[in-house]
Amino acid sequence: MPGMFDAFGRAALFALAPETAHGLSIAALKANVPLCPAPRPDPRLRVTVAGMDFPNPLGMAAGYDKNGEVPDALLRLGFGFVEIGTVTPLPQPGNPKPRIFRLTDDRAVVNRLGFNNAGHDAALARMRARAGRPGLVGVNIGANKDSADRIADYELGAARFAPLAAYLTVNISSPNTPGLRNLQSRASLAELLARVRVARDEALRGGSKRTPIFLKIAPDLSEPELAEIAEEVLDNGTEGVIVSNTTLSRHGITDPAGSETGGLSGQPLFTRSTAILARMRRLLGPATVLVGVGGVDSAETAIEKIRAGADLVQLYTGMIYEGPGLAGRIVRGLAAHADRHGLDSIAALRDSGLDEWARHPIE
């Protein structure tokens, strides 16, 4: 049976405004429309990191399911895990529309959404309702635009979601909330990670649950800034780093929509984000979890992220261009790669391209 995307056609979906098309996809997942078949589980694709057992290394990145409406439906598409959010303590509408722009010629998207979401309470209710169900769902936490104490917003997110989330992502790398990326500076980051860790530990005190903390960074950092972030991650015992959020760079962009303000995601981000990923693996060593994001739209690009040092891989923009069957195709492609190369585990690929990618110029 052809998937909805194949039957309806990308051209028809692209005739709609981006946010309208996104809302339609969420509605289809909520209605359990049979979009595409899920791939068969393959034990060679399992990845165990930070005390979590992932059925495969491919995840849906934050930004798609901001309010935690359809994580289980996404898991049924073949994703090994899903990250909801970014969620902020209070609901906020985000930036004025239009605020999402397709760069079709470049297979990319520019967005300046600004953490539009329904707030903690809405996401908490949905996470509580799915408690006990199988599947790993992480929660990406952020700060309200007009917050008087942004670090306190992250503390509150950690306290509220740590008992429910598979992991927490501290998102300080969106370019669409003024001043947010300043939290990546060393002094601010040290305080942020320390306070979030304490809030997490207090929320879990007395229980057996362990909720890792991941830090999501920007791809627009200098090498000295990357080194400082790595030192703080190691000093604070932060379990993982997600590399990376959207970029302000427009290197190689040809589509006129690239002149819009906001963060760029999609295929043009692949090289930059993968080069940053490899540098972070070098700086952090082998134990810290790394999640590779940016330009993943095939099994081949997912494999390159793993070769560059990623334990796990996420995508979002790739699905806009490739449709909901992309997750299944990537997972099947990873299994086929394991067949061709006689791999007992896809994790054996990690770091096999590290030297090459760490030397790659950041463009």
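Among the residues making up the range 302-355, those that are among the basic types (K, R) and surrounded by fewer than 24 Cβ atoms within 10 Å (Cβ to Cβ) are R307, R329, R332, R340, R350. Within the range 87-103, residues that are of a type in the set (V, I, T) reach partners that are assigned to a loop (DSSP other than H, G, I, E, B) with beta carbons closer than 6 Å, at six or more positions or on different chains, in the pairs T88/F115; T88/G142; T88/N144. On the stretch given as the range 94-131, residues that are within 21 Å of T169 (Cα to Cα) and not in a strand (DSSP E or B) total 20. For the range 177-189, what are the residues that are part of a helix (DSSP H, G or I) and exposed (fewer than 15 other Cβ atoms within 10 Å of the Cβ)? Hits for the range 177-189 are N182, R186, A187. For the range 318-341, indicate whether the set of residues that are without any contact (Cβ under 8 Å) to a residue 24 or more places away in the chain and over 16 Å from N56 (Cβ atoms) is non-empty. There is at least one residue in the range 318-341 that is without any contact (Cβ under 8 Å) to a residue 24 or more places away in the chain and over 16 Å from N56 (Cβ atoms). Residues in the range 186-193: is at least one at pLDDT 95 or above, touching a Gly at 6+ places or on another chain (Cβ under 9 Å) and hydroxyl-bearing (S, T, Y)? No. Of all the residues in the range 238-275, those that are part of a loop (DSSP other than H, G, I, E, B), closer than 25 Å to E83 by Cα and among the hydrophobic types (A, V, I, L, M, F, W, C) number 1.
Does the range 339-348 hold any residues that are acidic (D, E) and in a helix (DSSP H, G or I), and which are they?
Within the range 339-348, the first condition is being acidic (D, E), and the residues that meet it are 339, 344.
The one that is acidic (D, E) and in a helix (DSSP H, G or I): D339.
For G294, the stated conditions hold: it is touching a residue at least 60 places away in the same chain (Cβ under 8 Å) and on the phi > 0 side of the Ramachandran plot. Pairs are defined by a Cβ separation below 6 Å, a sequence spacing of at least 6 or placement on different chains, a first member in the range 250-269 that is among the acidic types (D, E), and a second member that is in a helix (DSSP H, G or I); the pairs so defined are D255/D105; D255/D106. Residue count for the range 155-184 under the criterion of being touching an Asp or Glu at 6+ places or on another chain (Cβ under 8 Å) and among the β-branched types (V, I, T): the result is 1.
Contact map, the range 116-139: residues that are over 17 Å from G59 (Cβ atoms) paired with residues that are of a type in the set (G, A, S) and not in a loop (DSSP other than H, G, I, E, B), Cβ distance under 9 Å, separation 6+ or inter-chain. Pairs shown: N117/G85; N117/A123; H120/G157; A123/G85. When you scan the range 75-93, how many residues do you find that are surrounded by 24 or more Cβ atoms within 10 Å (Cβ to Cβ) and assigned to a helix (DSSP H, G or I)? So the answer is 0. A search for C-beta distances below 7 Å between a residue of the range 349-363 that is at pLDDT below 95 and in a loop (DSSP other than H, G, I, E, B) and any residue that is buried (at least 17 other Cβ atoms within 10 Å of the Cβ) and of a type outside the set (A, V, I, L, M, F, W, C), counting only pairs 6+ apart in sequence or on different chains, returns I362/R272; E363/T271; E363/R272.
Quick one: would you say A336 is closer than 28 Å to P34 by Cβ, in a helix (DSSP H, G or I), in contact with a Leu (Cβ under 9 Å, 6 or more places away or on another chain) and modelled with pLDDT of 95 or more? No.
This table checks each residue for (1) out of contact with any Leu (no Cβ under 6 Å at 6 or more places or on another chain); (2) assigned to a loop (DSSP other than H, G, I, E, B).
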| position | (1), (2) |
| --- | --- |
| P163 | yes, yes |
| A166 | no, yes |
| S173 | yes, yes |
| E191 | yes, no |
| R200 | yes, no |
| G207 | yes, yes |
| F214 | yes, no |
| L221 | yes, yes |
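Give the range 306-333 a look and list any residue that's closer than 16 Å to T246 by Cα and in a helix (DSSP H, G or I), or say none. Step through it out loud before you land on a result.
Taking the range 306-333 and keeping what is closer than 16 Å to T246 by Cα, we get 313-320.
T317, G318, M319, I320, listed by residue number.
Could you run through the range 27-86 and say how many residues are hydrophobic (A, V, I, L, M, F, W, C), touching a Gly at 6+ places or on another chain (Cβ under 8 Å) and within 22 Å of R332 (Cα to Cα)? Going through the range 27-86 one residue at a time, the tally reaches 13.
The values are calculated or read from the model by the stated rules, or taken from the named source; none is laboratory data. Quick caveat: nothing in here was measured; it's all calculated off a predicted structure. Ideal geometry is used to build each Cβ from the backbone, glycine not excepted, and the neighbour counts take in all protein chains shown.
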